[in-house]
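Asks: Let me give you the structure first, and then I'll get to my questions.
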Amino acid sequence: ISTLTYSNRLNAFVMAIVVYSITTVMYPMISKMASEKDMSGLKQILHQAIAGVNFFVIPASFGTMMISKQLVRLLYGRGAFDEQAIVMTSSALFFYSIGMIGFGLKDVLNRFFFAMQDARTPMINGVISTVLNIIMTITFSRFMGISGIALAMSIATLISTGLLFYDLHKKIGSIDIREIIRSSYKIFVASGFMAIGVKLVVNASDDWPLVLSIGCAIVAGMLIYLLFINLLRVDVSHIAPDAFARIKSKIAIWRNNGRE
């Protein structure tokens, strides 16, 4: 229980920083357009939200998988948290990270259903996800132990997210799945090259201080990711501009309050 809790906290950190920030600031716009039955506007915001989540969460997922052991050792590796605990927790974190994009997109899609006064669809989807999770947890844990529990949750979340996409497609009409897949594919490719770079830096700096090794890996990963995003011509101009403008203004307010 402790291993799953510690690893899930790190997984949830990305959700809190990226996904919840995007969905929280965009929800008033989603609600307004849903009340006005502006399907065209809803589709546009949906694409912005998905693009924003994909742009940040997919590389975060790849990066976390590459340095899961180093992260766990840095954050938890002291006292009674011995090497065995580090290995167990980092393994669970690795498999939780596989479903990170599912967790993010599921939260986005649920907001759209809630804005359209449809709580039934997310509830049914949640039940399906729970049943799948239980079945796969029982199955995978027999062969993979704790890691199987984390993998089961990730797969169940990805499947339920796909079902939510299908339900939303039926509810608001065509949402241009092809464009979403095309953009996501490019981000996956860029994240893959980023993951290779991160792993190489971590391996090369194995005898460095842990903070320095992780810091260099993150910086290198960011540079590689941005390079391939540019080479693959991923359009980032439409990635939730209103949402990030509000986030930026909130950060400025927090900074001012901190100085005061």
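The values are calculated or read from the model by the stated rules, or taken from the named source; none is laboratory data. Note that the coordinates shown come from a computational prediction; the quantities given were computed from them, not determined experimentally. Positions of Cβ are backbone-derived with ideal geometry, glycine not excepted, and every protein chain shown enters the neighbour counts. Only protein heavy atoms, including side chains, enter the accessible area calculation; ligands, DNA and RNA are left aside. Shrake-Rupley method; radii C 1.70, N 1.55, O 1.52, S 1.80 Å.
Asks: How high is the FRET efficiency from ILE196 to GLN84, r the C-beta distance, R0 25 Å, rounded to 0.05? Numbers along the way, then the final one.
Replies: Working: r = 29 Å, r/R0 = 1.15.
The value I calculate is 0.30.
Asks: For the chain, what ratio Rg/Rh do Cα atoms give with a Kirkwood hydrodynamic radius?
Replies: Rounded to two decimals, Rg over Rh is 0.99.
Asks: If you don't mind, another one. What pairs from LYS69/LYS186; LYS106/LYS171; LYS43/LYS106 go past 20 Å between their alpha carbons?
Replies: LYS69/LYS186, as the Cα separations exceed 20 Å there.
Asks: Can you tell me which aspartates and glutamates have their Cα less than 16 Å from the Cα of LYS37? Leave out same-chain residues fewer than eight positions away.
Replies: Cross-link targets: ASP118.
Asks: Given the Cα-Cα distance of ARG233 and SER40 and 0.36 nm per residue of separation, how much length would full extension add, in nm?
Replies: 66.9 nm
Asks: Something else: By how many nm would the segment from PHE13 to MET222 grow when fully extended, if each residue of separation counts as 0.36 nm and the alpha-carbon distance is taken off?
Replies: 73.4 nm
Asks: Suppose all protein chains stay in the model; what accessible area per residue would a 1.4 Å probe give for segment 1-95, in Å²?
Replies: Working: 4290 Å² over 95 residues.
Ligands and nucleic acids excluded, the result is 45 Å² per residue.
Asks: Take ASP118 and ASP206, extend 7 Å from each Cα along the Cα→Cβ direction, and tell me the distance between the two endpoints in nm.
Replies: So the two model labels end up 5.2 nm from each other.
Asks: A further question follows. Could you tell me the convex hull volume per residue, in Å³, taken over the Cα atoms of segment 9-76?
Replies: Looking at segment 9-76, the number lands at 70 Å³ per residue.
Asks: Now a separate question. Loop by DSSP (not H, G, I, E, B), at most 16 other beta-carbon atoms within 10 Å: where is the longest site-free stretch of the chain for trypsin sites (Lys or Arg not before Pro)?
Replies: 79-232
Asks: Just report the Cα centroid separation between segment 100-115 and segment 117-132, whole Å.
Replies: 12
Asks: To continue, here is another question. Determine the dipole magnitude for the chain: charges of +1 sit on the beta-carbon of Lys and Arg, -1 on that of Asp and Glu, nothing else is charged, the reference point is the Cα centre, and the result goes in debye to the nearest 20.
Replies: For this selection, approximately 320 debye.
Asks: Under a crude label model (7 Å from the Cα following the beta-carbon direction), how far is ARG182 from LYS170 in nanometres?
Replies: Placing both labels 7 Å beyond Cα along the Cβ direction yields 2.8 nm.
Asks: Follow-up. Across segment 82-223, how large is the tail of the calculated P(r) beyond 26 Å, expressed as a percent of all Cα pairs?
Replies: Roughly 43 percent, rounded to a whole number.
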